[in-house]
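Please treat every number below as a calculation from the coordinates, not as lab data. Quantities reported herein were computed from a predicted structural model and do not represent experimental measurements. We place every Cβ from the backbone using ideal geometry, glycine too, and count neighbours over all the protein chains shown.
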Amino acid sequence: MDVLIPRQIVEELDRYIVGQKNAKRSVAIALRNRWRRQQVPEELRDEIAPKNIIMIGPTGVGKTEISRRLAKLSQAPFLKIEASKFTEVGYVGRDVDSMIRDLTELAVNMLKEEEKKNVLPRAEEIAEERLLDIMLPPQRKEKPGKNPEQIERPLELVKSEGPEEEGFEEKNRTREKLRKMLREGKLNERFVDLETSSINLPIIEIFSGAGLEEMEFNIRDMFGNFLPRKTKQRKVKVPEALEILTQEEGQKLIDMDKIIKQSIEKVENSGIIFLDEIDKIVGRDSGHGPDVSREGVQRDLLPIIEGSTVVTKYGMVKTDHILFIAAGAFHTSKPSDLIPEMQGRFPIRVELDSLTKEDFIRILTEPRNALLRQYIALMETEGVKLEFKPEAVEEIAEIATIVNERTENIGARRLYTIMESLLDEISFDAPEMKKKKCVIDAQYVHDKLSPVIKDEDLSRYIL
């Protein structure tokens, strides 16, 4: 994050998203401001509030994709959630506090995975020693009996061991031979009896209202602290045993207290929440009954966006510096219909442009995850080579523009429906095709899709 300047952030976003320069500039500045805030003196740092953004534009123009790619660039905890899922406190539905709990859970899992990679070499070393102990138990003075964790030893090792009185050095040489065979994969087909432990938790079904989403997890944690662990013997192959032991040792090496502390700091200073469908919680002038899923939700969201403290199972999380990016089509409403306090908490407004034919051509061909590249790669798995002529790409873009104008404008998502209809026959016949190269030209596109385009009623259902 500290090495990317706004211009570089926009360039990175350009690799996946076509157009929308104003939106990209706004989020790039917002992201850079997160880094700038960390550089200012500490007494001023807490006074700098994040500049939350409202993206205004029809569906399918890149609002969600911009936020998702931004979070990947910054390596920040990122949560996308629909505002329409929430209801006012006291009613059936999700509590707005749950998004902070979800974001904290994501941050903990993210840092935990990073720490697993860091401790993996040490965990593998310890797991290897444990596996060697199982396969070659330490010598005991008592009369040897059957060992439940002992596998059938290779004959060449048994010959080299000699009597028990031969001493520690001989035993050590045997262990090193076994280690060498283990690393070379010569023991991969052998089985070992492994003892694993688990906790059998009672099945408890909870009918919870808003704000009680975490009760199941808290009860699991509570029972896990005092219920006895049940051990179970499993017969597994040596590679699987090594993997199980590595995971166990990795868990032991992770300092969860440190992870939780770092996760809360990361959420508080770098967290990003993408509130989609913000226009769906704009109040309507119905005047009948409580507006629990609209203005009521805005009133509940306001303290979190302004800055408050939310209780999570990992501790208290402050929301003062979490960046909120809201998005909505605002077809039947406008941002000024939000309650005044909410409007003031989203100082940056960005209007995203509707997509044109030229934009559709670029979307089909330019980005790293371009739609045509995806279909070409899919057909290559069947040995079929797809080739799209430039005039065919123009025809597809033209059809997408026409259908969006005639019916509901769903932006770039229209390209998915058109491509599926266009390649329906090829996708079905690909495994049996003798001709392994298919050239898609303008005539093919016209023949496949023009009957549907001419019938406007039919195009509403198919495209």
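Multiplying the residue separation of residue 353 and residue 118 by 0.36 nm and subtracting their alpha-carbon distance yields 80.2 nm. Taking Cβ atoms as reference points and 12 Å as the exclusive limit, the residues near residue 395 contribute a net charge of -2, counting Lys and Arg as +1 and Asp and Glu as -1.
Can you classify segment 389-449 as rounded, prolate or oblate using the Cα gyration tensor, where a ≥ b ≥ c are the square roots of its eigenvalues, rounded means a/c under 1.5, and otherwise it's prolate if a/b beats b/c and oblate if not? Taking the square roots of the gyration eigenvalues as a ≥ b ≥ c, segment 389-449 is prolate.
Just subtract the alpha-carbon distance of residue 450 and residue 433 from 0.36 nm times their residue separation and send over the number in nm, one decimal. The partial results should precede the final answer.
Values: separation 17, 0.36 × 17 = 6.12 nm, distance 2.49 nm.
Value of the extension gain: 3.6 nm.
Computed from label points 7 Å out along Cα-Cβ, the spacing between residue 417 and residue 188 is 5.0 nm. Return the FRET efficiency for the residue pair residue 82, residue 29: r is the Cβ-Cβ distance, R0 is 22 Å, and the value is rounded to the nearest 0.05. Efficiency at R0 = 22 Å is approximately 0.30. How much FRET efficiency would the formula 1/(1 + (r/R0)^6) give for residue 405 and residue 109, where r is the Cβ-Cβ distance and R0 is 51 Å, rounded to 0.05? Plugging the Cβ-Cβ distance into 1/(1 + (r/R0)^6) gives 0.70.
Pop the C-beta distance of residue 132 and residue 257 into the FRET formula with R0 = 35 Å and round what comes out to the nearest 0.05. Write down the numbers at each step before the final one.
Numbers: r = 31 Å, r/R0 = 0.90.
Using R0 = 35 Å, I get an efficiency of 0.65.
In terms of its C-alpha gyration tensor, segment 304-434 has a prolate overall shape, because the principal axis ratio a/c (a ≥ b ≥ c, square roots of the eigenvalues) is not below 1.5 and a/b outweighs b/c.
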